[in-house]
1. Quick check on Ala207: is it under 14 Å from Leu110 (Cα atoms) and open to solvent by 50 Å² or more (accessible area, probe 1.4 Å)?
2. Could you grab me the full set of residues in the range 455-497 that are open to solvent by 10 Å² or more (accessible area, probe 1.4 Å), farther than 30 Å from Pro386 by Cα and more than 15 Å from ligand 1 (Cβ to nearest atom)?
3. Let me spell it out: the conditions are (1) at pLDDT below 85; (2) farther than 30 Å from Val310 by Cβ; (3) among the hydrophobic types (A, V, I, L, M, F, W, C), and Ala450 meets all of them except one. Which number is the exception?
4. State whether one or more residues within the range 74-81 are under 30 Å from the mean Cα position of the chain (by Cα) and of a type in the set (Gly, Ala, Ser).
5. Within the range 310-341, track down each residue that is within 16 Å of ligand 1 (Cβ to nearest atom), in contact (Cβ under 8 Å) with a residue 12 or more places away in the chain, more than 29 Å from the chain's Cα centre (by Cα) and open to solvent by 30 Å² or more (accessible area, probe 1.4 Å).
6. Only one of Ala317, Ala324, Ala388 is within 16 Å of ligand 2 (Cβ to nearest atom) and over 28 Å from Phe155 (Cβ atoms). Can you tell me which?
7. In the set Val366, Val302, which member is under 30 Å from Lys411 (Cα atoms), open to solvent by less than 50 Å² (accessible area, probe 1.4 Å), within 16 Å of ligand 1 (Cβ to nearest atom) and in contact (Cβ under 8 Å) with a residue 24 or more places away in the chain?
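The values are calculated or read from the model by the stated rules, or taken from the named source; none is laboratory data. Bear in mind the structure is a predicted one, so any value in this text is a computation, not a measurement. Cβ placement follows ideal geometry from the backbone for every residue including glycine, while neighbour counts extend to all protein chains displayed. Surface areas here come from the heavy atoms of the whole protein model, side chains and all, with no ligands, DNA or RNA. Shrake-Rupley method; radii C 1.70, N 1.55, O 1.52, S 1.80 Å.
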Amino acid sequence: MRDAMWAIGIVLGLMLIAVVVKGLLSYAHTYLTSRVAYKVITDLRNDMYYKITMAPLNRFAGEKAGDLISRVIDDVNIVQGAIASISTVLRSSVTLVVFVTMMFLKDWQLTLLAIALLPLLAHMIRRFGERIKATSRHVQMRMSDITSQLQQTIFGIKIIKSFTAEETEIDRFKETNWQKYRLMMKRVRMRALMPALVEFLTALGIALVFGFGCYRVLTGKLSTGWFFGYIAMMGMVFKPVRDLGNFNAALQQAIASFERIKYVLDMSEEPHDDPDAVELRDGIKGEIEFKDVSFKYGEEPVLKGINLKVAPGERIALVGPSGAGKTTLMNLIPRFYEPTSGEVLIDGIPVRKIKLSSLRRLIGMVPQEMILFNGTIYDNILFGRPEAEEEEVFEAAKRANAHDFILKLPKGYRTVVGDRGMRLSGGQQQRISIARAILKDPKILLLDEATSSLDTESEKLIQRSLEELMRGRTTLIIAHRLSTVMNADRIVVIKDGRIIETGRHDELIAKGGFYERLCQMQFQ
Ligand SMILES: Nc1ncnc2c1ncn2[C@@H]1O[C@H](COP(=O)(O)OP(=O)(O)OP(=O)(O)O)[C@@H](O)[C@H]1O
Ligand SMILES: [Mg+2]
């Protein structure tokens, strides 16, 4: 009696220990596989962001932002799912190998019969896998469309509303979303059908084995006990086979996504610096020279034989009809694009031969539309020179005529502006942009004057802050206002990619050429 109780006690104890060990192993399994999967996708996203940030500007010309976002977010998630189930696959493979080996050792003829259907099964799984991959590719493309439209809507909500296009946009979104739904359901049907077919083929295998096994038992070649043991082993093999089939489906989905990820990882980077590239020091004079510069984006030349020398501290106004190539000309200075022929030089050094980071550090840009980042006003100004002290940020804001209005905001410098700075007026956004450029304190300034007209009061404030910004810097300004061209040292008129006239305002007016006509049309 005592012995029996002991025995029971030991068995119960062992069972408890087994449960604890199993729990620990299951914890370790979940923890380790998740860790691997998360680590991989975190690295993957970092690499993708790096590539997107390092890509040259022209890489983005034909790119939809939403598509890139979808690749970084959704496709990486799908890959994560497949990575996480790799351990299940390993476990299933081991189980499969162990049991099939045992079955072979027990009765190889019976086992050959049992796996006779395997090639058929493999073929089926492969065919399903291919179709799942193709469908997944389409699902992900629709996902990109959804992200793109969402992003465009959020950015362009004002336009949509002003054209009362809400209904059309909603319908368009619904259509894409339902298309994605239908594709996903198609994939679900394939993914659900496969286990059923696997099960059917397995059952067929078992039936064959059962019949042949019974025959062997009846003819005395196999004992009844072993026969049932054998059938039990076959049952154990069923789950791993199904798991492998399911994994294949997930894997095909992940491969379709990985192709889309690879597209981002394969994006080209901006050209690396020449080995003998020089570092531009703060002491540069800031002379800019275009020497016989021509440029084309595609087939059509956009700039043709540009020769222009800008003296240190000189202020040049670029004018010309829309599409003449003004912005393009400016983009060549910070080397956003490379000239097709000819050279751009700063202080006599070709920009190709200057370290890219040092080149761009000396150039300040105030773009046409004011770009504010999601963050506080303080951070937005600080972006100009992240190592600047607080006092310097305030000083820059004062010089840009922004300090006073910032202090009037409920949270002052800590006011958060959305990605598009919607909370601020156009003029206020411009002044923040100017403060940022003042803080950066660049030697060369590139301004694309805003076309949107502001009220006179605001206009005057902007004008005063721009004056403050331009003082003592070599400035190229794409001018849309009469006051700007009047204040320029020299006006450069660009038409069809060529410089056709240069001079001061009154000189060009007196000449009665293209500029005079442009003036009559543009600055009334
Ligand atoms: N990324 C690009 N890829 C291909 N073509 C471009 C690209 N950017 C501009 N272009 C083309 O180059 C020409 C010059 O464009 P650019 O932006 O330099 O004109 P712009 O003088 O600044 O005009 P606007 O006064 O309207 O701003 C245009 O015909 C335009 O279609
Ligand atoms: Mg332009």
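1. It is true that Ala207 is under 14 Å from Leu110 (Cα atoms) and open to solvent by 50 Å² or more (accessible area, probe 1.4 Å).
2. Selection gives Asp455, Thr456, Glu457, Leu482, Ser483, Met486, Asn487, Asp489, Arg490.
3. Result: Ala450 passes all but (2).
4. Yes - at least one qualifying residue is present in the range 74-81.
5. Within the range 310-341, just Pro321 meets the criteria.
6. Ala317
7. So the residue among Val366, Val302 that is under 30 Å from Lys411 (Cα atoms), open to solvent by less than 50 Å² (accessible area, probe 1.4 Å), within 16 Å of ligand 1 (Cβ to nearest atom) and in contact (Cβ under 8 Å) with a residue 24 or more places away in the chain is Val366.
Results for (1) within 16 Å of ligand 2 (Cβ to nearest atom); (2) touching a residue at least 40 places away in the same chain (Cβ under 8 Å), shown as yes or no for each residue.
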| site | (1), (2) |
| --- | --- |
| Arg471 | no, no |
| Ala479 | yes, yes |
| Asp489 | no, yes |
| Val492 | yes, yes |
| Glu507 | no, no |
| Phe514 | no, no |
| Arg517 | no, no |
